[in-house]
1. Among the residues of the stretch 188-213 satisfying the criterion of being hydrophobic (A, V, I, L, M, F, W, C) and touching a Phe, Trp or Tyr at 6+ places or on another chain (Cβ under 9 Å), which is nearest to Arg154 (Cα to Cα)?
2. What are the residues in the stretch 148-174 that are part of a loop (DSSP other than H, G, I, E, B) and either crowded, with 20+ Cβ neighbours inside 10 Å or modelled with pLDDT of 90 or more (or both), if any?
3. Inspect the stretch 147-163 for any residue being more than 30 Å from Asp217 (Cβ to Cβ) and hydroxyl-bearing (Ser, Thr, Tyr) and give the result as yes or no.
4. For the stretch 123-147, name all the residues that are surrounded by 11 or more Cβ atoms within 10 Å (Cβ to Cβ), of a type outside the set (A, V, I, L, M, F, W, C) and at negative phi.
5. Could you check, for the stretch 175-186, whether at least one of its residues is over 11 Å from the mean Cα position of the chain (by Cα), within 17 Å of Asp204 (Cα to Cα) and open to solvent by 60 Å² or more (accessible area, probe 1.4 Å)?
6. Filter the stretch 96-139 for residues that are β-branched (Val, Ile, Thr) and not in a helix (DSSP H, G or I); which is nearest to Ala236 (Cα to Cα)?
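The values are calculated or read from the model by the stated rules, or taken from the named source; none is laboratory data. Keep in mind the model is a prediction, meaning the values are calculated, not measured. Cβ atoms come from the backbone with ideal geometry, glycine included; neighbour counts cover every protein chain shown. Side chains included, ligands, DNA and RNA excluded: accessible areas come from the protein's heavy atoms. Shrake-Rupley method; radii C 1.70, N 1.55, O 1.52, S 1.80 Å.
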Amino acid sequence: MTTLTHRTRRAEVSKNFEKKVESEEDFYPERKPDVEDPGDSKDIRLTLMEEVLLLGLKDKEVLLKSDSPTGDVLLDETLKHIKATEPTETVQTWIELLTGETWNPFKLQYQLRNVRERLAKNLVEKGILTTEKQNFLLFDMTTHPVTNMTEKQRLVKKLQDSVLERWVNDPQRMDKRTLALLVLAHSSDVLENVFSSLTDDRYDVAMNRAKDIVELDPEVEGTKHSATEMIWAVLAAFNKS
């Protein structure tokens, strides 16, 4: 699993990560399948990429079923590339191409440029981040501090609840968007930001349950009834990278 270790009192977590918390069901009995959080913001709609970026920001610092336009510039740019490519590429290849993690000079046109900065700009426009200039000795640096902590905390609680209060012990029964966000947060190495505010006992339970999900066999899970194949294909691609 990606790096998830952190503050001093959890120095042993990585060593014991393979262990299940024996009494975890004593903490949180099984719940009904995850449903849309009634506390979700109805005014601010974030893309999954924006949510992952927001989860990765410190508080004081800085899937192709249709090719119809989505209204999101980055997503539409990605769809345009995928639609125009023959023969079709695999999910893993597209992740490598779009993120620039390929040295093929004939594929450089597919790389998405300045993704982090463009996502941050979107979040600024939605009132979640702000833009500041920090002066260093030789240059100025643009930073994007979080200003809307309510939205970030809503997102953090949503993921925490998915592996604690709303844990269903079956990814096929989880809310699909929440499952996708959990997989992307893991692959982007920001799950520590999500779980760091929990007490030690709850942290261990959350980490082990998240680990159980992301270490499932994507090829097996993707073939199950009602599975969202793209989520597992993305996880498989990140596992191979």
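1. Looking only at the stretch 188-213, we keep the residues that are hydrophobic (A, V, I, L, M, F, W, C), and these are 190-191, 194-195, 198, 205-207, 210, 213.
Narrowing the set further to residues that are touching a Phe, Trp or Tyr at 6+ places or on another chain (Cβ under 9 Å) leaves 195, 205-207, 210.
Working: Phe195: 13, Val205: 20, Ala206: 17, Met207: 19, Ala210: 18 Å.
My answer is Phe195.
2. Let us first name the residues in the stretch 148-174 that are part of a loop (DSSP other than H, G, I, E, B), namely 148, 164-170, 174.
Selection gives Leu164, Glu165, Arg166, Trp167, Val168, Asn169, Asp170, Met174.
3. So in the stretch 147-163, the residues more than 30 Å from Asp217 (Cβ to Cβ) come out as 147-154.
Those left that are additionally hydroxyl-bearing (Ser, Thr, Tyr): 147, 150.
So far as the stretch 147-163 goes, yes, one or more of its residues are more than 30 Å from Asp217 (Cβ to Cβ) and hydroxyl-bearing (Ser, Thr, Tyr).
4. Answer for the stretch 123-147, where residues must be surrounded by 11 or more Cβ atoms within 10 Å (Cβ to Cβ), of a type outside the set (A, V, I, L, M, F, W, C) and at negative phi: Lys126, Thr130, Thr131, Glu132, Gln134, Thr142, Thr143, His144, Pro145, Thr147.
5. Start the filter on the stretch 175-186 by keeping residues that are over 11 Å from the mean Cα position of the chain (by Cα), which leaves 175-176.
Imposing the further condition that a residue be within 17 Å of Asp204 (Cα to Cα) reduces the set to none.
There is no residue in the stretch 175-186 that is over 11 Å from the mean Cα position of the chain (by Cα), within 17 Å of Asp204 (Cα to Cα) and open to solvent by 60 Å² or more (accessible area, probe 1.4 Å).
6. Restricting attention to the stretch 96-139, the residues satisfying the condition of being β-branched (Val, Ile, Thr) are 99, 102, 115, 124, 128, 130-131.
Restricting the remaining residues to those that are not in a helix (DSSP H, G or I) gives 102, 128, 130-131.
Details: Thr102: 18, Ile128: 31, Thr130: 35, Thr131: 35 Å.
Looking at residues that are β-branched (Val, Ile, Thr) and not in a helix (DSSP H, G or I), I get Thr102.
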